[in-house]
Amino acid sequence: MQVKILSYYRLHKIPILLLLASLLFYYTFAYHLVRTDFPKLITLAAALFFLCYKLIQFEKWNFKFLLAAGILFRLIFLFVEPMLSQDFYRFIWDGELVLQGQNPYLQTPNTIVELGKVHINNAAHLYASMGEISAKNFSNYPPLNQFIFALAALFSGKSMLGSILTMRLVIILADIGILYFGRKLLAKLNLSSHLLFWYFLNPLVIIELTGNLHFEGVMLFFFIWSMHLLSQKKYLLAAPILALSIAVKLVPLMFLPLFIRHLGLKKVIPFYTIIGVTILALLVPFYSSEFINNYTTTIGLWFSNFEFNASIYNIIKKVAEINGSKDWETIRAFGKISPYITIAMVFLFSLLKNNKTITSLFTSMLWVLTIYYFISTTVHPWYIIFIALLSVFTKFRFAILWSALVFLSYWAYSNPDFKEHLGILAIEYITIFSFVIYELLRLNRQNLLYSKK
């Protein structure tokens, strides 16, 4: 046994050292980083992305090594509170309400506290820590997310750490599920299976999902499972699984029109029907006359009230400022227009693009979501995780680069008033736009060369 260990170490000495260095940096990120310390944050992120690249480069055919590395990196965060986001306080709050049979969509935390109806564990700390914006708004988390929050409350042992641990384990299992179904899908598409480690070992994925408890990974687990079933022509089984993805995060809703040309009218009608019925079944426990109004009002705030890490919107806002418009006027005007732009863009990709193959479907999804983020007023770092995974199944790699550059947006957290630095955002987006143009030109040249041959 000792001889085998020594032999393995000699063969994999550099990757093992890279693995140990990554573990040290993730430990520092989890336990010794304050989010206001931007120089330390961006240095750690850059180092982790470099180590991720080298690990994949050295061991891309060693599945067990990279799987173990990804799991170890996630386990580092297991017993620590999230360091870059306070959203988890609202997750725990909603979970406690659901566990007690209360509807989290009907009253804001502010209202519950004012009425003195708080009978949940750690209520005072959760309420004080979730932030003013969260406290004054209704819950915007879809029904399956609420069930997961309730599960965390059930197994919490009445402690915050217990809830955090339960949610983390769910997110880690979801990432392993993505790796499982993703590799099968890559094999079906005749693509190298190691590409999926650009998701599984991606520092943004590990830090924002396992570390900061965002549920994009759970959404993506159901999404990739559904796409795997679709690749096997099992569209009736794929439909309820896709509905579960939507019931975690609403993002896959915008992809539904893309399935019209992929499945054809005869198949797409039962496909949509099953999705609709599944979502309605999940909504039944929460439905009331006030639910729709409260939920749509809260979702609408993301288009007309909030801004973070925007690209095109920041340019428009700057031009509007020169012409004398106030910020709140600009965001509200832009917020009214952007949903219509998004709808028009989705239908253009549905009608003009040939989405017959899974690869072309993934490519359309990648561009729909990318353009949506380019015109959005709010692009939190964890939003980029979806397009980073989509890109693995296409010829484009700009989303992988964006998953590294998006850490620049955390400069805003180093300021007490969370004011953004437009120069830093310019570095992020000029680099991304330039790389997108480069990839489009490169792939266009390759296609031209191929057609000439």
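The values are calculated or read from the model by the stated rules, or taken from the named source; none is laboratory data. What you are looking at is a predicted structure, and each value in this text was computed from that prediction instead of being measured. Glycine gets a Cβ as well: all are built from the backbone with ideal geometry, and neighbour counts include every protein chain shown. Note: accessible area is taken over every heavy atom of the protein model, side chains too, but ligands, DNA and RNA are not part of it. Shrake-Rupley method; radii C 1.70, N 1.55, O 1.52, S 1.80 Å.
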Positive-end residue of ILE269, ILE207, LEU196, charge dipole of the stretch 170-298 with Cβ unit charges: ILE269
Listed residue pairs exceeding 29 Å between alpha carbons, taken from LYS234/LYS353; LYS4/LYS184; LYS40/LYS317; LYS13/LYS188: LYS4/LYS184; LYS40/LYS317; LYS13/LYS188
Residues of the chain: accessible area per residue with a 1.4 Å probe, Å²: 46
Sequence-separation-based contact order of the chain, relative, with Cα cut under 8 Å and 6+ spacing, percent: 16
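Dipole of the chain, Cα-centred, from +1 at each Lys and Arg C-beta and -1 at each Asp and Glu C-beta, to the nearest 20 debye?
Magnitude of the dipole: close to 2180 debye.
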Kirkwood Rh, Cα atoms: Rg over Rh of the chain: 0.96
Whole-Å semi-axes of the stretch 146-247's equivalent ellipsoid (Cα gyration tensor): 27, 17, 8
Positive-end residue, the chain charge dipole about Cα centroid, Cβ charges, pick of PHE147, GLY217, LEU179: LEU179
Relative packing of 229-240, 174-185, which averages over residues the other C-beta atoms within 10 Å, highest first: 174-185, 229-240
When the stretch 70-165 is reduced to its Cα atoms, the Kirkwood hydrodynamic radius in Å: 13.7
Candidate lysines - alpha carbon under 26 Å from LYS158, same-chain residues fewer than 8 apart omitted: LYS117, LYS136
By accessible area with a 1.4 Å probe, ligands and nucleic acids excluded, highest first: order of GLU290, GLU208: GLU290, GLU208
Volume per residue of the C-alpha convex hull in the stretch 293-412, rounded to whole Å³: 131
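Give, as a single signed number, the net charge of other residues whose beta carbon lies under 13 Å from the beta carbon of LEU390, with Lys and Arg counted +1 and Asp and Glu -1.
Net local charge, LEU390 excluded: +1.
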Of every Cα-Cα pair in the stretch 1-120, the percent that sits beyond 19 Å: 63
For the chain, calculated [θ]222 nm from helices alone, where every DSSP H run of n ≥ 4 adds -39500 (n - 2.57): -22000 deg cm²/dmol
